[in-house]
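Taking it in order: structure first as structure tokens, then the write-up.
Computed from the coordinates by the stated procedures, all read-outs in this text should not be read as laboratory data. Fair warning: this is a prediction, and the values are worked out from it, not measured in the lab. So basically every Cβ, Gly included, is an ideal-geometry build from the backbone, and we count neighbours across all protein chains shown.
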Amino acid sequence: KQEVTQIPAALSVPEGENLVLNCSFTDSAIYNLQWFRQDPGKGLTSLLLIQSSQREQTSGRLNASLDKSSGRSTLYIAASQPGDSATYLCAVRGYGGATNKLIFGTGTLLAVQP
Amino acid sequence: NAGVTQTPKFQVLKTGQSMTLQCAQDMNHEYMSWYRQDPGMGLRLIHYSVGAGITDQGEVPNGYNVSRSTTEDFPLRLLSAAPSQTSVYFCASSYTGTGGSSSGNTIYFGEGSWLTVV
């Protein structure tokens with residue numbers, strides 16, 4: 001059974017710092033991996049999606065990498081801002097019947113201090 | 001274009017009562033799904049649908065029913081509410097369920113429904 005873990009559970013950094021969020025998964029046979037952002041009391045917003053054949057995806061100050069063989073993905077946030085404060089979740093899809101199912105990690109709560 | 005709309009936002013139920021959480025999307029998405037989010041457990045898939053008339057179970061389907069009579073709507077029914085169903089429920093939709101490689105296949109989430117069963 002696929003399990004997705006995100007460490008640390010919470011992170012506090014000063015504004016302007018570059019930071020890395022980690023996501024690990026137990027079954028390397030994934031179809032794709034997705035990173036989301038969740039603001040308090042809100043739904044999830046998709047940030048980046050990496051297909052199994054890709055190594056990384058970039059959007060603005062965000063860069064997500066994928067290493068399937070080691071079961072790991074990282075989300076790099078450059079020059080962090082207070083507006084980046086949120087919970088960040090990663091999720092994976094498997095193959096076959098599991099392709100329609102997102103398996104989520106428990107998230108990393110990020111606080112960027114001004 | 002309202003995106004994914006969930007109602008109600010807050011609900012308190014007594015044990016044994018039934019209710020329906022509504023979800024509607026106006027993006028002509030084929031794929032819709034329901035998740036529950038609990039502290040320390042992340043989001044878990046309850047049921048999903050890949051099109052009108054087609055539904056399937058997710059990770060935690062027990063105690064919940066769904067139907068998909070139209071492309072736009074995907075209601076989640078709690079048959080006999082239990083305290084273990086106290087949670088935040090999210091509905092999501094996308095063109096397909098696989099994510100795909102196109103930016104047009106972004107998955108959109110509703111803002112959540114907070115349910116307390118006492």
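How many partner chain Cβ atoms sit within 10 Å of a residue's Cβ in peptide B:43-50, on average, as a whole number? Don't skip to the answer; put the middle values down first.
Numbers: counts 11, 4, 6, 0, 0, 3, 1, 1.
Taking the mean over all residues of the peptide, I get 3.
Dipole orientation for the protein assembly as shown: of the candidates B:SER84, B:THR96, A:THR58, B:SER84 has the Cα lying most toward the positive pole (charges on Cβ; Lys, Arg +1; Asp, Glu -1).
Ranking A:PRO82, A:TYR95, A:SER46 by Cα position along the charge dipole of chain A, where only Lys, Arg, Asp and Glu carry charges on their C-beta atoms, puts A:TYR95 farthest toward the positive end. The charge dipole of chain A, taken about its Cα centre with unit charges on the Cβ atoms of Lys, Arg (+1), Asp and Glu (-1) only, comes to about 360 debye.
Suppose R0 equals 25 Å. What FRET efficiency, 1/(1 + (r/R0)^6) with r the Cβ-Cβ distance, do A:VAL13 and A:LYS42 give to the nearest 0.05?
Values: r = 22 Å, r/R0 = 0.86.
In this case the efficiency is close to 0.70.
Which whole number gives the average, over all residues in B:52-63, of C-beta atoms from other chains lying within 10 Å of the residue C-beta? Don't jump to the answer; show the numbers that get you there.
Working: counts 0, 0, 0, 0, 3, 1, 4, 5, 0, 0, 0, 0.
Across the residues of B:52-63, the mean count of other-chain Cβ atoms within 10 Å is 1.
Quick check on the exposure proxy: order A:VAL4, A:VAL92 from fewest to most C-beta atoms within 10 angstrom. Final ranking by Cβ density, sparse to dense: A:VAL4, A:VAL92. Legend: mean number of C-beta atoms from other chains within 10 angstrom of residue C-beta atoms, peptide A:37-47, equals 5.
Pairs of Lys residues in the protein assembly as shown are counted when their Cα atoms are under 22 angstrom apart and they lie 8 or more places apart or on different chains; the count is 5.
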